[in-house]
């Protein structure tokens, strides 16, 4: 995982559910690039067209609620999203994101569409470069940092090797 | 929106409690804590602790299965056969070529590894109903499933929770998964529910009170005389919708109703788990069931609850089915309202029993005839319409009264369509009048 990123903001409100992130009719593939084509299609049709690699999502509480579909964080990764920041996340979305290497930050950040945020994961700091406002966030538990770094697949392989 | 009547009395029993270090825990444990401790091989666990726990079953459906199978191939392992359950339900019978390929990947995975617990078209139904009917779910078990409504089996005293596809693959290979021990909230519902008040109304009332993130990451435990008096089917509805409050699980202490249901059904042994007397709850919520109205959750969140009698909305479709309310008891409740009446000419009513065995029983009891005589469309089990997949997708501007669990934007079709959640009797009454209707009002006419 990168220690420092800088990216353009897509702003969303609270309770963004996984049906909004990726509508169920597209759940016929696990391919993140394919899923990315339909990300936020119903609620924000411009997203898939205008999103660029390195962008960041800033949202209100309870981001990723609803379905267990891992297709949701996969669609965001496929779209080039490098981090999602929200005051709270739905638990399955949280697990899925960590498992597939999409960093999430639990923090209430004031940012508008198009603002540029600088995120320092090591020091737990966020700066909105447009407003100069600064924010801090607690670091993840060590277990989750390892999981995010290695990825679930590698983590599982290690476990299988240990247990023979 | 505020709940219809403020029946909640909340207090914090541990407000003056002094903090103790996790490793010197002396307090008793909640059901979720006990089940996680037992499966992690520990004497005790505390909220927020991360544990590796042995799982009893891992389930995937046709939608979440495909990504899991792709990930699984990276492990160079074989799935733990007796713990792996594969259920085709979301897009079967297939809606198009892509979903056909997806379902095929499950069949191939089952064949390749010799997985016996594979429920294909004509042999199963909606995954959570199958997990219960086929005896996988039982008190004290730790069950994970790549579907958010896996929390349904809490009604049988299991800790069951939704996970993602990649970690389902990992659990199939290792038989374990990491869990963060949740805090537990206690919900006590006493009193006698009204005639048309079902489990659906109780859980909608609670979600209306605490909100869609009111139990975020937490374990809900349900107690009280109203819960004890409910049929298992209604309890499953309550546990099923725990996720709509953001919960990890929604557990009901198992009693004779559960033990009777499991006779000649459950696979293997099980041991019921109950909370300790001195278990620590983060919150305790109390409700009086006699004050809970027959409710409707209006678009676009399950927390937007209003009494059915206070809302006047024209509908285009009435949907009866799903893991939430597609059981025989639900079909009986709807048929009782519908008997001798007809579905309104401007409404199409769709009835989808949640499993093959429910379908058969409904046929034996004459319920399917009641539905068909009323001009409802009756179909075999699938999740299709609930998630806007197929078999009942809504057009722009259309409204559906639905016995399902989510009314999110575009959930059942066009982004400008609307879903109103309600119990099966409300769905049936509304189908007759063409407007959202409290069954009590229909029968008065």
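The values are calculated or read from the model by the stated rules, or taken from the named source; none is laboratory data. For clarity, every value in this text was computed on a predicted model and none was experimentally measured. In this analysis, Cβ positions are derived from the backbone assuming ideal geometry, glycine residues included, and neighbour counts consider all displayed protein chains.
What about residue B:440, is it part of a helix (DSSP H, G or I), in contact (Cβ under 8 Å) with a residue 24 or more places away in the chain and outside the structural domain of residue B:126 (by TED's automatic domain parsing)?
Answer is yes for this residue.
Which one of these does residue B:267 not meet: (1) under 23 Å from residue B:408 (Cβ atoms); (2) away from chain A (no Cβ under 14 Å); (3) part of a loop (DSSP other than H, G, I, E, B)?
Only one criterion is unmet by residue B:267, namely (1).
Considering the range B:270-301 alone, what residues qualify as being under 22 Å from residue B:197 (Cβ atoms), part of a loop (DSSP other than H, G, I, E, B) and touching a helix residue (DSSP H, G or I) at 6+ places or on another chain (Cβ under 8 Å)?
B:292, B:293, B:294
Which count do you get for residues in the range A:60-78 that are surrounded by fewer than 24 Cβ atoms within 10 Å (Cβ to Cβ) and in contact with a helix residue (DSSP H, G or I) (Cβ under 8 Å, 6 or more places away or on another chain)?
The total comes to 2.
List every residue pair whose Cβ atoms lie under 6 Å apart, where the two residues are 6 or more positions apart in sequence or sit on different chains, the first residue falls within the range A:140-164 and is more than 10 Å from chain B (Cβ to nearest Cβ) and more than 15 Å from residue B:171 (Cα to Cα), and the second residue, located anywhere, is part of a helix (DSSP H, G or I) and modelled with pLDDT of 90 or more.
A:148/A:98
Among the residues of the range B:331-358, which ones are under 21 Å from residue B:124 (Cα atoms) and either in contact with a helix residue (DSSP H, G or I) (Cβ under 8 Å, 6 or more places away or on another chain) or part of a strand (DSSP E or B) (or both)?
Matches in the range B:331-358: B:331, B:332, B:350, B:351, B:352, B:353, B:354, B:355, B:357, B:358.
Would you mind listing the strands (runs of 3 or more DSSP E) fully within the range B:158-206 where at least 3 residues are within 14 Å of chain A (Cβ to nearest Cβ)?
B:159-162, B:176-180
Taking the range B:85-116, which residues are within 13 Å of chain A (Cβ to nearest Cβ) and closer than 22 Å to residue B:137 by Cβ?
B:89, B:90, B:92, B:106
Which of the strands (runs of 3 or more DSSP E) found entirely inside the range A:101-164 contain at least 1 residues meeting this: more than 27 Å from residue A:78 (Cβ to Cβ) and at pLDDT 95 or above?
Hits in the range A:101-164: A:125-128, A:134-136.
Of all residues in the range A:14-56 being more than 14 Å from every other protein chain (Cβ to nearest Cβ), touching a helix residue (DSSP H, G or I) at 6+ places or on another chain (Cβ under 7 Å) and buried (at least 18 other Cβ atoms within 10 Å of the Cβ), which is farthest from residue B:411 (Cα to Cα)?
A:51
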